[in-house]
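The values are calculated or read from the model by the stated rules, or taken from the named source; none is laboratory data. No experiment lies behind these values; they were computed from the predicted model shown. So basically every Cβ, Gly included, is an ideal-geometry build from the backbone, and we count neighbours across all protein chains shown. Surface areas here come from the heavy atoms of the whole protein model, side chains and all, with no ligands, DNA or RNA. Shrake-Rupley method; radii C 1.70, N 1.55, O 1.52, S 1.80 Å.
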Amino acid sequence: MIRNVRLPGESEGGWATTVSEAGSYIGTYPSPDLYSFDPATGEVKRLHTPSAPTAASSGR
């Protein structure tokens, strides 16, 4: 399957995708967002935007 889908937000493009029975998932750059895409409906959803790392989470 080849399909172009415009993702909302400030990302320049997808850097990784995976496909499952539930749909497709796309990670973006330089803004690290995670999206889901349902090829049956064409629906795109932003699932997660990670927050900036903190000293506690980065082990510093």
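The GluC sites (Glu not before Pro) of segment 1-50 that meet both conditions, a loop assignment by DSSP and at most 11 other Cβ atoms within 10 Å of the site Cβ, are E10, E12, E21. Amide H contacts of V5 (H built 1.01 Å from N, in plane; Pro and chain starts excluded): no residue 5 or more places away or on another chain comes under 5 Å.
In order along segment 35-44, phi translates into HN-Hα couplings of 10, 10, 9, 9, x, 6, 9, x, 6, 10 Hz, rounded to whole numbers, per the Karplus curve 6.51 cos²θ - 1.76 cosθ + 1.60 with θ = phi - 60° and x for Gly and Pro.
Within the full protein context, the accessible area of Y25 is estimated at about 70 Å² for a probe radius of 1.4 Å. Taken over the C-alpha atoms, segment 1-45 has Rg and Dmax values of 10.0, 28 angstrom.
Normalising by the residue count of segment 1-46, find the relative contact order in percent from Cα pairs under 8 Å and 6+ residues apart.
Numbers: 68 pairs, mean separation 13.0, N = 46.
Here the relative contact order equals 28 percent.
Less than 5 angstrom separates the built amide H of D33 from those of T28, all sequence-distant by 5 or more or on a different chain.
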